[in-house]
Amino acid sequence: METDEVSIREQLFHNRVRETIICVLLFTCLYMVCYLILTHFKKTAEFITDDIEDATVNKIALWLCTFTLSVAVCAVLLLPISILSNEVLLTFPHSYYMEWLNGSLIHGLWNLVFLFSNLSLVFLMPFAYFFTESEGFAGSKKGVMARVYEAVVLLILLALLVLGIVWVASALLHDNVARQSLYDLWEYYLPYLYSGISLFGVLLLLLCTPFGLSRMFSVTGSLLVKPRVNYFLLLACLIEGGSPSCWVKLNMEAMRKEYLAVQSRRVALEMRRKASPWQRNLGYPLAMLILLALTVMCVLMVCFNVLELLLDETAMPRGMEDPHLGMASFSMFGSLGAAVQVVLILYLMVSSVVGFYSSPLFCGLLPRMKDTNLTQIIANCVSLLILSSALPVFSRTLGITRFDLLGDFGRYNWLGNFYVVFLYNMMFAGLTSASLTKTVTWAVRRELIRAFGLDRLPITVSRSTIPFKLLLASGLSKIQ
């Protein structure tokens, strides 16, 4: 009996050591990749200076940013790793080489990402910012430790301010719970704070993802469609030298818009000129077709999820303690459906990042190669961590995957509100459909039809089926 207990304890110990080694190796690889990315964008002058103290402070802040960016990448990979692990265990249920891949490892990864996300957002990134901006208290001895003391004091004051705001908010919303849990910092207030941050991230994803989809369609469409320039207006503008009198002599508003449009069309035309025939005739149409297919699949899955929300309570996002990997597929289409889910999750993340950096509010944060200062790097790492840590909740709320949220990711208070989840799905479907119909114009569709040879089919299109605005625009372009 004692031998059995010892063997069980040894097995548990070996499993814990194995999971720790796997997590450390995974995070080490991500850390190295993220460090290379940040060194590619950082401003070299901030790290090679005569002031050794400033260089040391900047290096420490860069290491903290690298850690935060690694956590963000790991948060993006949480759902893909979980879904693919389940499919691998379904394919090789009794394989000796797959015994290390189990529910305990996946659950541990989710808990570590949640812990490190809280740590980075609440402590590390504010400390990195205060550390780079601090100079030490007046009258104290200058040095790195003086900056550390000042940054720690500022961080403590910020933490007290934030916790006070969280307590007031929780008292307004949940009066009894707030009074009973006044000293319950770890079990109530930190998850409550992170729930608010996650809600902000999910709302940010709701706005940035359709905007990013629209931006990607616009860029791909500009490469696909041959730009047409209003040469009459351009010539008139060039005669006047682009001076303001040009806008007065000819229709001022029309000329100003046309001049700005000419600049963007010239860039698109230059890219088309440098592209090879394979890129123009196959690459760009195929890229547009892939974007269309992925976006349509996202909208259809969200619409299907809306119907399920109305008919079945189990469609609501919820948390689970044991993932039960290797029992059943999380897609009704098996491994193929699981692979599609992974592609859609990564596609939505890329779209949200594109929309975030394309929006007027955050376009100033766009990093520049070898010319991004440390404050911008900190802001970028915080923004990417907020977006990526909300991605699992975002994907499960929209019904992109059926993999329920593990650990503390499923403890958010607003996840159980049917009206919030339903309205969120409807808004995403509406915004994405609007961006799709706005950016996929008649010219883009015509170029797609021509690129894939569908224009050679014996299909007649009457002029009555073409909108009057398109006919009028075509006539005006021929006159001009």
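The values are calculated or read from the model by the stated rules, or taken from the named source; none is laboratory data. Just so it is clear, the model here is predicted, and its values are computed rather than measured. Note that each Cβ is placed from the backbone with ideal geometry, even for glycine, and that neighbours are counted across all protein chains shown. Just the protein is used for accessible areas: all its heavy atoms, side chains included, with ligands, DNA and RNA removed. Shrake-Rupley method; radii C 1.70, N 1.55, O 1.52, S 1.80 Å.
List of remarks:
- Meets criteria (farther than 21 Å from Leu77 by Cβ, out of contact with any Gly (no Cβ under 7 Å at 6 or more places or on another chain) and either assigned to a helix (DSSP H, G or I) or modelled with pLDDT of 85 or more (or both)) for Leu286: yes
- Single residue of Leu84, Leu101 found to be modelled with pLDDT of 80 or more, open to solvent by 10 Å² or more (accessible area, probe 1.4 Å), among the hydrophobic types (A, V, I, L, M, F, W, C) and outside any helix (DSSP H, G or I): Leu101
Residues are listed down the side, and each one gets a yes or a no for (1) among the aliphatic types (A, V, I, L, M); (2) closer than 24 Å to Met301 by Cα:
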| site | (1), (2) |
| --- | --- |
| Asn373 | no, no |
| Leu387 | yes, yes |
| Gly399 | no, yes |
| Met427 | yes, yes |
| Ala434 | yes, yes |
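- All conditions in (1) over 26 Å from the mean Cα position of the chain (by Cα); (2) under 30 Å from Val393 (Cα atoms); (3) not charged (D, E, K, R) hold for Trp110, with the sole exception of (1).
- Qualifying residue in region 324-338 (condition: part of a helix (DSSP H, G or I) and on the phi > 0 side of the Ramachandran plot): yes
- Beta carbons closer than 8 Å, at least 6 apart along the sequence or on distinct chains, pair a first residue in region 319-334 that is farther than 13 Å from Arg402 by Cβ with a second that is modelled with pLDDT of 80 or more and β-branched (Val, Ile, Thr) for Leu325/Ile106.
- Contact map, region 378-398: residues that are farther than 12 Å from Ala72 by Cα and without any contact (Cβ under 8 Å) to a residue 24 or more places away in the chain paired with residues that are open to solvent by 10 Å² or more (accessible area, probe 1.4 Å) and of a type outside the set (S, T, N, Q), Cβ distance under 7 Å, separation 6+ or inter-chain. Pairs shown: Ala379/Leu365.
- Count of region 356-387 residues, restricted to those that are under 29 Å from Thr56 (Cα atoms) and hydroxyl-bearing (Ser, Thr, Tyr), is 3.
- Single condition Val350 does not satisfy, out of (1) over 30 Å from Leu101 (Cβ atoms); (2) modelled with pLDDT of 85 or more; (3) open to solvent by 50 Å² or more (accessible area, probe 1.4 Å): (1)
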